[in-house]
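Beneath this line is the structure, given in structure tokens, with notes to follow.
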Amino acid sequence: MSETPQHQPNAEVKVNDGSTAIHADSKIDHAASINYWNSVPATPGAMLAMLGDFSWYTRIDLRGSKNFLAKVRRLIPALPRDQKLALGADCGAGVGRITEGFLSEVCEVVDIVEPVEKFTQALKESELGGRGVIGDIYNVGLEAWNPEKKYDLIWTQWCVGHLTDSQLIGFVARCRGSLNESGLMVVKENQSTDPSGKDMYDDVDSSVTRTDAKFKEIFEAAGMDVVKSEMQTGFPKQYKLLPVKIKCQTSANEHRTGASSLSEFGDSWGVSGCHEDFPSPSVHY
């Protein structure tokens, strides 16, 4: 396993008017996050909060993820296109909605990383748990997960907002060290729409929604190479959800197909002009 890069952001910074600004991630309280999610019923709908009653949300989300991964597999010659990947990991898996609706279709076996035990218990007792696709289950937070296997795909969605910046750098770096030679790590997350370009803190579940620029800094610090990214599309505009972006990373530049910049992959780093009236789900499945 590779060494974890160290990055310790200051909790406070001085701004031009002499006042002190607080970094959003310094407010994260892991105990408060766990308490919040322990209060949520262990069902896919409940974990999507206000969007859990809309079947279209899951359908659009999973379709976007499937299409994105298919594009990535076409870009990287070393990846098999017509067969399942051997081993994947669903990070922040919750009750397994992403594994059931997507990862189980592209991976032979999927390991589960999820700190809330009632969610993994519900997963074990579900139809999905009896299919034989679920591998090992790790009841730990992402900040404490130290992967000891080599993965073909590590998928993390709506959960890294519970990590501080330094914890997220460490998590991504550990994932980098646990990827197979042609392995992929995908991060699918909401994007901050703060008008001043700052990360946004949510005190409901004690999480942070990061800017696109912050994600860039974190991936670079963790030694990852982002080979493709794109916005999730298809959500009805009237719901005014936070923009969601999918980013695929590998641990080495040689996996690219000769493009000299991300733009040649159709990359779009800019955040769309969505406005947060109520949040898109921020963690767990």
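Brief remarks follow.
- Boolean, ARG63 is in contact (Cβ under 8 Å) with a residue 24 or more places away in the chain and of a type outside the set (Val, Ile, Thr): yes
- If only residues of region 138-149 that are in a loop (DSSP other than H, G, I, E, B) and not β-branched (Val, Ile, Thr) are counted, the one that is surrounded by the most Cβ atoms within 10 Å (Cβ to Cβ) is GLY141.
- Residue match in region 217-224 (condition: modelled with pLDDT under 95 and under 30 Å from ARG59 (Cβ atoms)): no
- Test for GLU117: is it more than 17 Å from the chain's Cα centre (by Cα), modelled with pLDDT of 95 or more and at negative phi: yes
- Condition check for ALA11: in contact with a strand residue (DSSP E or B) (Cβ under 7 Å, 6 or more places away or on another chain) and at pLDDT below 60: yes
- From the list LEU103, LEU128, LEU85, the lone residue that is more than 27 Å from GLU217 (Cβ to Cβ), crowded, with 18+ Cβ neighbours inside 10 Å and without any contact (Cβ under 8 Å) to a residue 40 or more places away in the chain is LEU128.
- Taking the listed residues LYS188, LYS198, LYS150, the one that is closer than 28 Å to THR58 by Cβ and not acidic (Asp, Glu) is LYS188, with no other qualifying.
- Note on region 150-177: among residues that are out of contact with any strand residue (DSSP E or B) (no Cβ under 7 Å at 6 or more places or on another chain) and assigned to a loop (DSSP other than H, G, I, E, B), the one that is least open to solvent (accessible area, probe 1.4 Å) is LEU163.
- Matching residues in region 227-238 - criterion: being surrounded by fewer than 21 Cβ atoms within 10 Å (Cβ to Cβ), closer than 20 Å to ALA49 by Cβ and touching a residue at least 60 places away in the same chain (Cβ under 8 Å): GLY234, PRO236
- Filtered residue count, region 111-124, keeping only those that are among the charged types (D, E, K, R), within 17 Å of VAL40 (Cβ to Cβ) and surrounded by fewer than 16 Cβ atoms within 10 Å (Cβ to Cβ): 2
- When the criteria are applied in full, TYR151 meets the requirement of being under 28 Å from ALA213 (Cα atoms) and aromatic (Phe, Trp, Tyr).
- Single residue of GLY135, GLY94 found to be farther than 27 Å from ILE22 by Cβ, touching a residue at least 60 places away in the same chain (Cβ under 8 Å) and outside any helix (DSSP H, G or I): GLY94
- Looking only at residues of region 14-31 that are part of a loop (DSSP other than H, G, I, E, B) and at pLDDT 95 or above, we find that the one that is most open to solvent (accessible area, probe 1.4 Å) is ASP29.
- Residue that is nearest to GLU114 (Cα to Cα) [pool: residues in region 32-77 that are open to solvent by less than 70 Å² (accessible area, probe 1.4 Å) and part of a loop (DSSP other than H, G, I, E, B)]: ALA42
The values are calculated or read from the model by the stated rules, or taken from the named source; none is laboratory data. The shown structure was predicted, so the numbers you read here are calculated from the model rather than taken from an experiment. When we count neighbours, we look across all protein chains shown, and the Cβ atoms used for this are built from the backbone with ideal geometry, even at glycine. Ligands, DNA and RNA are stripped out before the accessible areas are found, and what is left, the full protein with its side chains, is counted by its heavy atoms. Shrake-Rupley method; radii C 1.70, N 1.55, O 1.52, S 1.80 Å.
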